[in-house]
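Input: a single structure, listed below in structure tokens.
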Amino acid sequence: MSTLTEPLDRNWLQKQWRHVRLWRRFFAQAVVRETHYRAHFLTTLLVGLVQLGLGIVPTLLLFGFTQDVHGWSRAEVIALVGVYQIVTGLIATFVAPNMNRMTSYLTEGELDVVLLRPVSSQFYLTLRWINVAELTNVASGIVVLVIGLVQSDLAPGVGQVLQAVVLAGCGLVLLTAVWSAMSFLAFWLQSVGPIGVVYLSMVEAGRYPLVFFPVAVRTFLTFAFPVAFATTFPVRALAGDLNWWPVALGVALAVVAMTLVRLLWRRGLLTYSSASS
Amino acid sequence: MSTLTRNLRVVRRMTAAEIAQQSVYRGAWIIFMLANICMPIISLLIWRTALANGAQLPVDERYITTYFVLLGFVTMATSSWMAAFLANDIRLGKLSSWMVRPASLLVKFVANNLSEKFLKLFALVPMIGIVWWIFRDSMNIPAGAGRWALFAVSIVLGAILVFTIDILIAALAFWMDDVGALVQARVIIASVLSGAVVPLALMPSWSRGFVDHQPFRYTVSFPVEIVAGQLTGRDLLAGLGIQLGYVVVLAVIARLVWAAGLRAYSAVGA
């Protein structure tokens with residue numbers, strides 16, 4: 001038992017560890033909650049499957065008219081749709097439930113309560129709520145990825161799988177950072193509810209390989225709205241087309257993006273004048 | 001005063017009131033319209049790449065470009081979003097207060113639909129204009145005002161058709177507790193069969209007969225085809241005839257279902 005005078009964390013590492021333990025609690029609580037709403041679980045699964053099917057329709061039609069597009073075969077694009085489904089499924093599970101609450105946090109004064117807690121407020125606002133049912137979309141994404149890989153005769157080695165996982169992870173972090181930045185605009189714009197709609201429709205570009213777009217759009221989708229790291233680069237890594245430079249670039253970009261979002265959050269907090277008191 | 005003119009006057013007044021109210025959210029309309037043209041632009045770029053890469057499509061680059069540039073406008077102009085709201089009003093008993101008023105509850109939804117579309121136009125038309133200008137070299141621009149007039153007529157008919165389908169789905173709330181799943185199913189089915197995801201011209205040949213004659217084609221694809229495609233005078237006449245036929249048939253069914261629903265309605269919270 002620690003006394004009240006003792007500091008909560010003695011060093012930086014303990015502070016991070018405390019956040020990890022806290023997040024595990026959030027997750028455990030979300031799982032318990034999900035067991036109470038089994039119909040929600042089932043509908044999320046069904047809707048996810050239908051949307052996955054519909055998302056593949058344009059790709060299937062496209063490859064009915066041609067064998068390959070800029071070096072991508074149908075099987076490779078299907079593998080890419082699988083990766084897309086995995087990454088967007090993870091975002092829908094861990095990030096989306098929080099981003100959709102951002103407006104109410106800021107305009108209803110709920111942020112006041114968060115700021116009083118002995119926890120990083122940005123951590124809390126970005127990762128507090130978890131929608132476990134969306135993990136079914138991650139599972140279906142894995143199935144589609146495996147189907148795509150088998151059909152395309154790709155047999156990635158351990159190094160390539162590692163590259164792909166790191167790149168997809170960077171994509172996940174980058175896309176989360178972009179959505180966070182868009183949501184934190186609520187500090188200045190009051191209502192950002194609809195920004196999630198724009199974000200989700202732009203993420204759709206990740207269903208297709210980067211080379212399907214004109215050069216200017218490719219740059220945009222790599223550096224400004226980095227869906228390229230979430231889908232195109234991991235699949236190219238699995239195909240053995242990449243060395244470690246893009247991986248290093250992805251990690252560097254992820255660090256820069258997280259730092260920028262952190263700064264934006266700090267800047268936003270300065271302008272925040274409680275809505276409840 | 002006849003019922004029709006009175007209803008029209010009510011719609012006009014309520015639309016004006018809704019516009020005044022909804023213009024508070026003008027920032028949100030701009031953002032929504034931005035999202036509205038995202039998907040068509042992504043699709044446009046993808047299919048142009050496929051064409052440039054040598055894909056043998058049944059349509060040419062001008063068709064694809066014109067189709068996707070106009071798509072965002074037509075989906076907005078013919079859209080309806082009231083099914084869930086109307087079903088709620090029925091389920092929660094808000095319909096009761098309208099039954100003693102001299103106008104139908106549906107009038108409120110007509111006014112809401114018209115006012116939001118009016119405001120969205122201001123956000124959407126400049127965006128479509130910019131995309132049009134970027135791709136101006138490969139756009140189909142039909143000669144003569146006739147096609148544009150038909151385009152306008154077809155959009156109005158398409159809008160009525162979608163609105164009627166929404167009434168039909170929402171009216172099931174008179175007998176069912178939750179129509180949420182049906183609303184969602186309609187959205188998903190319509191997104192493919194209306195041509196909002198992929199132009200119907202690109203659908204495989206074995207599906208032709210069904211795809212060309214099902215009602216959802218006349219909610220989005222057909223109006224766009226009038227401008228983008230090479231429909232002959234005969235095709236146009238037949239298309240408009242079928243569209244009008246669907247509007248009339250569904251409107252009659254909706255009217256019957258609505259009337260039956262009102263008789264079955266037992267107010268909640270009265």
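Observations on the structure shown:
- Every listed requirement among (1) in contact with a Gly (Cβ under 8 Å, 6 or more places away or on another chain); (2) closer than 30 Å to A:W72 by Cβ; (3) not in a helix (DSSP H, G or I) is met by B:G93 save one, (2).
- Qualifying residue in the range A:105-117 (condition: basic (K, R) and either surrounded by 16 or more Cβ atoms within 10 Å (Cβ to Cβ) or modelled with pLDDT of 90 or more (or both)): no
- Unmet criterion (only one of (1) without any contact (Cβ under 8 Å) to a residue 40 or more places away in the chain; (2) within 14 Å of chain B (Cβ to nearest Cβ); (3) surrounded by fewer than 21 Cβ atoms within 10 Å (Cβ to Cβ)) for A:W188: (1)
- Residue list for the range B:215-255, filter: surrounded by fewer than 15 Cβ atoms within 10 Å (Cβ to Cβ) and either among the polar types (S, T, N, Q) or in a loop (DSSP other than H, G, I, E, B) (or both): B:Q230, B:T232
- Within the range B:27-67, if we keep just the residues that are charged (D, E, K, R) and more than 20 Å from A:L221 (Cβ to Cβ), the residue that is farthest from the other protein chains (Cβ to nearest Cβ) turns out to be B:R62.
- Matching option when the condition is away from chain B (no Cβ under 14 Å), farther than 18 Å from A:F26 by Cβ, assigned to a helix (DSSP H, G or I) and over 13 Å from the mean Cα position of the chain (by Cα), among A:V144, A:V178: A:V144
- B:V197 being in a loop (DSSP other than H, G, I, E, B) and not acidic (D, E): yes
- The residues of the range A:65-98 that are within 13 Å of chain B (Cβ to nearest Cβ), touching a residue at least 60 places away in the same chain (Cβ under 8 Å) and either outside any helix (DSSP H, G or I) or in contact with a Cys (Cβ under 8 Å, 6 or more places away or on another chain) (or both), listed by number, are A:V69, A:H70, A:G71, A:W72, A:S73.
- Test: residue in the range B:20-29 that is in a helix (DSSP H, G or I), β-branched (V, I, T) and buried (at least 18 other Cβ atoms within 10 Å of the Cβ): no
- Scanning the range A:200-229 for residues that are outside any helix (DSSP H, G or I), more than 14 Å from the chain's Cα centre (by Cα) and either more than 7 Å from every other protein chain (Cβ to nearest Cβ) or crowded, with 17+ Cβ neighbours inside 10 Å (or both) yields A:Y208, A:P209, A:F213.
- Residue count for the range B:83-106, restricted to those that are within 18 Å of the chain's Cα centre (by Cα), within 20 Å of B:R263 (Cβ to Cβ) and crowded, with 20+ Cβ neighbours inside 10 Å: 1
The values are calculated or read from the model by the stated rules, or taken from the named source; none is laboratory data. Keep in mind that this is a model prediction, so the values were computed, not measured. Note that each Cβ is placed from the backbone with ideal geometry, even for glycine, and that neighbours are counted across all protein chains shown.
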